[in-house]
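Before any comments, here is the structure.
The values are calculated or read from the model by the stated rules, or taken from the named source; none is laboratory data. Keep in mind that what you see is a predicted model, and the values were worked out from it rather than measured. Neighbour counts are summed over all protein chains in view; Cβ atoms, including those assigned to glycine, are modelled from backbone coordinates with ideal geometry.
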Amino acid sequence: MSHKFVALDIGGVCLQIFREKFFPRQLLAAPPAALLELETAFECGRISAPEWLSRIRQLMPELQQLPDSECWRRFRSIVGPEVPGIAALVSRWVSQGLRIIFFSNTSCVHADEVWRNISFAEQISDAVYSYEAGFMKPAPEIYRCFEQRFGVPELYLDDNADNIRAARQLGWENARLFTSASELLQES
């Protein structure tokens, strides 16, 4: 088994994310502290999915009359289609002997949805998720969690500049801001 690997963020790198499919635009434009705290607690695995749903209903009264199944359907709909070209890029890397590891801030609900939405699931070797690690990027603890399991990746791609900056501060020299798969395909 290869010890060289690529660490991939999910949202914005592998799959498109549409937060507005669940959250009202005004809530996204100026999220209250309560929403930010709730999202962090859920994405860090500090609260369960049922507890998150109960508490998000308090912040979003329009959800209160909907059955749980409809609330979860709407929440899952945030996860959109693949970023163009990412499947071809992952296939190329795997054919070159690289292992692909997801490295993402996500909840257990969205992590499951990711696996249903990507065409290249069989090419993903493993994952480090915030809800399992207990920390979210750019906190150094989640990078250390990744390092303890896999070491420093050959390449780390993320669409969030703060996450890339944090990785570089921890010695991940090949951390790179993702702009498009086609750019990387041309380089490979």
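Taken as a whole, the structure places residue 74 among residues that are closer than 15 Å to residue 17 by Cβ, outside any loop (DSSP other than H, G, I, E, B) and not hydroxyl-bearing (Ser, Thr, Tyr). Out of curiosity, is residue 46 basic (Lys, Arg) and modelled with pLDDT of 95 or more? Yes; evaluated as a whole, the condition is true for this residue. Are any residues in segment 41-56 farther than 23 Å from residue 140 by Cα and assigned to a helix (DSSP H, G or I), and if so, which ones? Of everything in segment 41-56, those that are farther than 23 Å from residue 140 by Cα and assigned to a helix (DSSP H, G or I) turn out to be 49, 50, 51, 52, 53, 54, 55, 56.
With respect to the conditions (1) modelled with pLDDT of 95 or more; (2) closer than 18 Å to residue 96 by Cβ, residue 184 falls short on a single one, namely (1).
Of all the listed residues (38, 66), the sole one being part of a helix (DSSP H, G or I), on the phi < 0 side of the Ramachandran plot, modelled with pLDDT of 95 or more and surrounded by 13 or more Cβ atoms within 10 Å (Cβ to Cβ) is 38.
Any idea which residue in segment 86-119 is surrounded by the most Cβ atoms within 10 Å (Cβ to Cβ), counting only those that are under 30 Å from residue 51 (Cβ atoms) and touching a Lys or Arg at 6+ places or on another chain (Cβ under 6 Å)? Looking at residues that are under 30 Å from residue 51 (Cβ atoms) and touching a Lys or Arg at 6+ places or on another chain (Cβ under 6 Å), I get 105. Looking across segment 11-29, just one residue is closer than 17 Å to residue 111 by Cβ and in a helix (DSSP H, G or I), and that is 19. Selection of first residues in segment 80-107 that are on the phi > 0 side of the Ramachandran plot and of second residues that are assigned to a loop (DSSP other than H, G, I, E, B) and surrounded by fewer than 20 Cβ atoms within 10 Å (Cβ to Cβ), restricted to Cβ pairs under 9 Å at least 6 apart or on distinct chains, gives the following pairs, ordered by first then second residue: 85/180; 97/2; 97/4.
The C-beta contact set for segment 170-188 (first residue free of Cβ contacts under 8 Å to residues at least 24 places away in the same chain and closer than 14 Å to residue 12 by Cβ, second residue outside any loop (DSSP other than H, G, I, E, B) and of a type in the set (Phe, Trp, Tyr), distance under 8 angstrom, 6+ apart or interchain) comprises 176/156.
Confirm whether residue 80 is over 27 Å from residue 179 (Cβ atoms) and within 16 Å of the chain's Cα centre (by Cα). Answer is no for this residue. When segment 1-34 is limited to residues that are of a type in the set (D, E, K, R) and in contact with a helix residue (DSSP H, G or I) (Cβ under 8 Å, 6 or more places away or on another chain), the one that is nearest to residue 182 (Cα to Cα) turns out to be 9.
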